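Peer 1: Have a look at this one before I ask anything.
The values are calculated or read from the model by the stated rules, or taken from the named source; none is laboratory data. Because the structure is predicted, anything quoted here is derived from the model rather than measured. Because the Cβ atoms are built from the backbone with ideal geometry, glycine has one as well, and the counts that use them run over all protein chains shown. Calculation scope for accessible area: heavy atoms of the full protein, side chains included, ligands and nucleic acids excluded. Shrake-Rupley method; radii C 1.70, N 1.55, O 1.52, S 1.80 Å.
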Amino acid sequence: MLQCIFLLSDSGEVMLEKQLTGHRVDRSICEWFWDQILTQGDSLKLVPVIASPTHYLFQVVREGITFLACTQVEMPPLMAIEFLCRVADVLSNYLDGLNEDLIKDNFVIVYELLDEMIDNGVPLTTEANILREMIAPPNIVSKVLSVVTGNTSNVSNTLPGATASCVPWRKTDHKHATNEVYVDLVEEMDATINRDGNLVKCEIYGEVEVNSNLSGLPDLTLSFANPSILNDVRFHPCVRLRPWESNQILSFVPPDGLFKLMSYRVKKLKNTPIYVKPQFTSDSGTCHISVLVGIRNDPGKSIDSITVQFRLPPCVLSSDLSSNYGAVNVLADKTCSWTIGRMPKDKAPNMSGTLALETGIERLHVFPTFQVGFRIMGVALSGLKIDKLDLKNLPFRPHKGFRALTKGGEFQVRS
């Protein structure tokens, strides 16, 4: 079981401490953890489980906030990591975002949520829809009333009926004027391209998001045309595992509203939708740069929200950069951001210019890595296709809708 949860800012400050059992965990464990971060660098933030001299530590980092859980007893590490992910998701859902100021402004609600989500170190209620019935989300009216009446509690006096049912993520008496359900495939492409332009790695991380506004207790079945391409699948608790294991079919009773039904990976893709070709030539303390962006594999839909970012090497004193399409900005920390937007049809966007090097340096020896962002509406680049969506136990025929979106994730081009 978990014994304590800490929320740390990106500077190591303890923003929140929640003791979960009778055994109190001293805050000095946070100082030890942060000393390790400073000593070993940010690479330690990628390690989910850390063994300290006195405790096992589990960490999840979201938007610069570290969710740190501690225990002294043996327990399944994935349970602790999954619970911290659920806490981060619920807080982001409640507070409409996740940052240091939002948490400090809503201390009471954060503590109330943790009280309901975990009991004596054991995860309890983690479904956002049920928690919203227990604890009212923050708003202007509730804050004014708490000041006037002196009552800061947002906890409901009645227990949601769904907590005692076989589907605790959904109320049994939901009623909607218009029955409708929408399924979205949201994918991120992670790719690494070496300096020769060869594709080193390319894979998709995707999520199936469902927005359900259905009356009663509906039973849904979602099937894919090509489920064999999916790897590392993770499901919402509403998904029945046996139909998936036998026939790769998602059978579930959905929560009400928007939720993530499943996540997946598609590995070893062979193509990317766009290319970025950087070129550097240096001579006599000056470096000439040229970056060309174009379509490599036409997805059949327009590519928009294209951005190219990179950090100038430390030896660069000044830069003079311009582009034939979009806007180029160089920040004080030497981060260069080229915003292209939608890919034009009549020409290939090109950024060029010169970099002035420090005195005594004739040629550029350290070359930047380019981070590329983009968005393609209406296409799932993994090739995943939805076959059909069947609905049962509904009073009348609902409306169904399907969409797809692919955007750039960790898309890197080395120069």
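Peer 1: Within the stretch 68-78, identify whether any single residue is open to solvent by 20 Å² or more (accessible area, probe 1.4 Å), part of a helix (DSSP H, G or I) and modelled with pLDDT of 90 or more, and answer yes or no. Let's see the steps before the verdict.
Peer 2: Of all residues in the stretch 68-78, those open to solvent by 20 Å² or more (accessible area, probe 1.4 Å) come to 72-78.
Next, only the ones that are part of a helix (DSSP H, G or I) stay: 77-78.
Next, from what is left, pick out any that are modelled with pLDDT of 90 or more: 77-78.
Checking the stretch 68-78: at least one residue is open to solvent by 20 Å² or more (accessible area, probe 1.4 Å), part of a helix (DSSP H, G or I) and modelled with pLDDT of 90 or more.
Peer 1: Can you confirm whether P237 is part of a loop (DSSP other than H, G, I, E, B), open to solvent by less than 40 Å² (accessible area, probe 1.4 Å) and over 12 Å from V183 (Cβ atoms)?
Peer 2: On the way: part of a loop (DSSP other than H, G, I, E, B): yes; open to solvent by less than 40 Å² (accessible area, probe 1.4 Å): no; over 12 Å from V183 (Cβ atoms): yes.
It is false that P237 is part of a loop (DSSP other than H, G, I, E, B), open to solvent by less than 40 Å² (accessible area, probe 1.4 Å) and over 12 Å from V183 (Cβ atoms).
Peer 1: May I pose another question? Being under 20 Å from N271 (Cβ atoms) and touching a residue at least 40 places away in the same chain (Cβ under 8 Å) is the filter here, so list the residues in the stretch 298-327 that pass it. Quick ask: steps written out before the conclusion?
Peer 2: Restricting attention to the stretch 298-327, the residues satisfying the condition of being under 20 Å from N271 (Cβ atoms) are 298-306, 308.
Selection gives P299, G300, K301, S302, I303, D304, S305, I306, V308.
Each row is one residue, and each column tells you yes or no for (1) part of a strand (DSSP E or B); (2) more than 29 Å from the chain's Cα centre (by Cα).
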| position | (1), (2) |
| --- | --- |
| L261 | yes, no |
| R265 | yes, no |
| Q279 | yes, yes |
| C287 | yes, yes |
| P299 | no, no |
| T307 | yes, no |
| F310 | yes, no |
| L321 | yes, yes |
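Peer 1: Further question: Looking only at the stretch 99-122, decide whether some residue is more than 21 Å from the chain's Cα centre (by Cα), aliphatic (A, V, I, L, M) and in a loop (DSSP other than H, G, I, E, B).
Peer 2: no
Peer 1: Within the stretch 240-258, work out how many residues are assigned to a strand (DSSP E or B) and either within 21 Å of S382 (Cα to Cα) or not aromatic (F, W, Y) (or both). First the steps, then the outcome.
Peer 2: Taking the stretch 240-258 first, the residues assigned to a strand (DSSP E or B) are 249-252, 257-258.
From the residues that got through so far, the ones that are either within 21 Å of S382 (Cα to Cα) or not aromatic (F, W, Y) (or both) too are 249-251, 257-258.
Summing the residues that are assigned to a strand (DSSP E or B) and either within 21 Å of S382 (Cα to Cα) or not aromatic (F, W, Y) (or both) in the stretch 240-258 gives 5.
Peer 1: If I filter the stretch 246-265 down to residues being in contact (Cβ under 8 Å) with a residue 40 or more places away in the chain and open to solvent by 10 Å² or more (accessible area, probe 1.4 Å), which single residue comes out as nearest to V328 (Cα to Cα)?
Peer 2: Among those that are in contact (Cβ under 8 Å) with a residue 40 or more places away in the chain and open to solvent by 10 Å² or more (accessible area, probe 1.4 Å), it is R265.
Peer 1: Take the stretch 204-243 and flag every residue that is among the hydroxyl-bearing types (S, T, Y) and either in contact (Cβ under 8 Å) with a residue 60 or more places away in the chain or farther than 20 Å from K385 by Cβ (or both).
Peer 2: If we filter the stretch 204-243 for residues that are among the hydroxyl-bearing types (S, T, Y), which is where we start, we get 205, 212, 215, 221, 223, 228.
Hits for the stretch 204-243 are Y205, S212, S215, T221, S223.
Peer 1: Starting from residues that are without any contact (Cβ under 8 Å) to a residue 12 or more places away in the chain and not hydroxyl-bearing (S, T, Y), keep the ones in the stretch 5-23 and report whichever is farthest from P123 (Cα to Cα). Talk me through it step by step, then tell me what you get.
Peer 2: As a first pass, look at the stretch 5-23 and keep what is without any contact (Cβ under 8 Å) to a residue 12 or more places away in the chain: 11, 13, 22.
Going one step further and asking which of them are not hydroxyl-bearing (S, T, Y), we end up with 13, 22.
Working: E13: 25, G22: 16 Å.
Among those that are without any contact (Cβ under 8 Å) to a residue 12 or more places away in the chain and not hydroxyl-bearing (S, T, Y), it is E13.
Peer 1: Then there's this: Under the condition of being open to solvent by 10 Å² or more (accessible area, probe 1.4 Å) and in contact with a Phe, Trp or Tyr (Cβ under 9 Å, 6 or more places away or on another chain), which residue from the stretch 277-292 is farthest from K407 (Cα to Cα)? Step through it out loud before you land on a result.
Peer 2: To start, the set of residues in the stretch 277-292 that are open to solvent by 10 Å² or more (accessible area, probe 1.4 Å) comprises 277-286, 288, 290, 292.
Right, trim to in contact with a Phe, Trp or Tyr (Cβ under 9 Å, 6 or more places away or on another chain) and you get 278, 280, 288, 290, 292.
Details: P278: 21, F280: 28, H288: 30, S290: 25, L292: 20 Å.
So the residue we want is H288.
Peer 1: Of the residues that make up the stretch 79-97, is at least one under 23 Å from I135 (Cα atoms), at pLDDT below 90 and part of a loop (DSSP other than H, G, I, E, B)?
Peer 2: Yes; the residues of the stretch 79-97 include at least one that is under 23 Å from I135 (Cα atoms), at pLDDT below 90 and part of a loop (DSSP other than H, G, I, E, B).
Peer 1: Do we find a residue being touching a Gly at 6+ places or on another chain (Cβ under 8 Å), hydroxyl-bearing (S, T, Y) and touching a residue at least 60 places away in the same chain (Cβ under 8 Å) anywhere in the stretch 344-352?
Peer 2: The answer is no, given that none of the residues of the stretch 344-352 is touching a Gly at 6+ places or on another chain (Cβ under 8 Å), hydroxyl-bearing (S, T, Y) and touching a residue at least 60 places away in the same chain (Cβ under 8 Å).
Peer 1: Could you tell me whether L217 is over 19 Å from the mean Cα position of the chain (by Cα), open to solvent by 50 Å² or more (accessible area, probe 1.4 Å) and modelled with pLDDT under 90?
Peer 2: Judged against the criteria, L217 is a match.
Peer 1: Hey, among the residues in the stretch 192-213 that are outside any strand (DSSP E or B) and either polar (S, T, N, Q) or modelled with pLDDT of 90 or more (or both), which one's surrounded by the most Cβ atoms within 10 Å (Cβ to Cβ)? Working first, answer last.
Peer 2: Residues of the stretch 192-213 that are outside any strand (DSSP E or B), as a first pass: 194-198.
Filter again for either polar (S, T, N, Q) or modelled with pLDDT of 90 or more (or both), leaving 194, 198.
On the way: N194: 13, N198: 8.
Residue satisfying both the conditions and the ranking: N194.
Peer 1: How about the stretch 359-405: which of its residues are of a type in the set (S, T, N, Q) and in contact (Cβ under 8 Å) with a residue 60 or more places away in the chain?
Peer 2: The initial filter retains those residues of the stretch 359-405 that are of a type in the set (S, T, N, Q), namely 359, 369, 371, 382, 393.
T359, Q371, S382, N393, listed by residue number.
Peer 1: Let me ask something else. When the residues of the stretch 378-399 are filtered to those that are part of a strand (DSSP E or B) and surrounded by 15 or more Cβ atoms within 10 Å (Cβ to Cβ), which remaining residue is farthest from the chain's Cα centre (by Cα)? Spell out how you get there, then give the answer.
Peer 2: So the first thing to find is which residues in the stretch 378-399 are part of a strand (DSSP E or B), and the list is 386-392, 399.
Now restrict to residues that are surrounded by 15 or more Cβ atoms within 10 Å (Cβ to Cβ): 386, 389, 391.
Numbers: I386: 23, L389: 26, L391: 29 Å.
Once the filter is applied, the top-ranked residue is L391.
Peer 1: A further question on this structure: Filter the stretch 294-325 for residues that are of a type in the set (G, A, S) and open to solvent by 50 Å² or more (accessible area, probe 1.4 Å); which is farthest from Y275 (Cα to Cα)? Break it down into steps so the answer makes sense when it comes.
Peer 2: Step one: of the stretch 294-325, the residues of a type in the set (G, A, S) are 294, 300, 302, 305, 318-319, 322-323.
From what's left, open to solvent by 50 Å² or more (accessible area, probe 1.4 Å): 300, 302, 305, 318, 322.
Numbers: G300: 16, S302: 15, S305: 15, S318: 27, S322: 19 Å.
Ranking the candidates gives S318 first.
Peer 1: Please verify whether the stretch 341-352 includes one or more residues that are in contact with a His (Cβ under 8 Å, 6 or more places away or on another chain) and open to solvent by 20 Å² or more (accessible area, probe 1.4 Å). Full working, then the answer.
Peer 2: So in the stretch 341-352, the residues in contact with a His (Cβ under 8 Å, 6 or more places away or on another chain) come out as 352.
Within this subset, residues satisfying the condition of being open to solvent by 20 Å² or more (accessible area, probe 1.4 Å) are 352.
Yes, the stretch 341-352 contains at least one residue that is in contact with a His (Cβ under 8 Å, 6 or more places away or on another chain) and open to solvent by 20 Å² or more (accessible area, probe 1.4 Å).
Peer 1: Quick one: in the stretch 335-369, of everything that is assigned to a loop (DSSP other than H, G, I, E, B) and of a type in the set (A, V, I, L, M, F, W, C), which residue is farthest from Q309 (Cα to Cα)?
Peer 2: Residues of the stretch 335-369 assigned to a loop (DSSP other than H, G, I, E, B): 342-349, 358-368.
Now narrow it down to the ones that are of a type in the set (A, V, I, L, M, F, W, C): 343, 348, 361, 364, 366-367.
On the way: M343: 16, A348: 17, I361: 24, L364: 19, V366: 16, F367: 13 Å.
Among them, the one singled out is I361.
Peer 1: Taking the stretch 10-37, which residues are loosely packed, with under 11 Cβ neighbours inside 10 Å and either part of a strand (DSSP E or B) or within 25 Å of the chain's Cα centre (by Cα) (or both)?
Peer 2: Once the filter is applied, which keeps residues that are loosely packed, with under 11 Cβ neighbours inside 10 Å and either part of a strand (DSSP E or B) or within 25 Å of the chain's Cα centre (by Cα) (or both), the stretch 10-37 yields only S11.
Peer 1: In this structure, is I50 β-branched (V, I, T), surrounded by 15 or more Cβ atoms within 10 Å (Cβ to Cβ) and not in a helix (DSSP H, G or I)? Reasoning before the result, please.
Peer 2: On the way: β-branched (V, I, T): yes; surrounded by 15 or more Cβ atoms within 10 Å (Cβ to Cβ): yes; not in a helix (DSSP H, G or I): yes.
Yes; evaluated as a whole, the condition is true for this residue.
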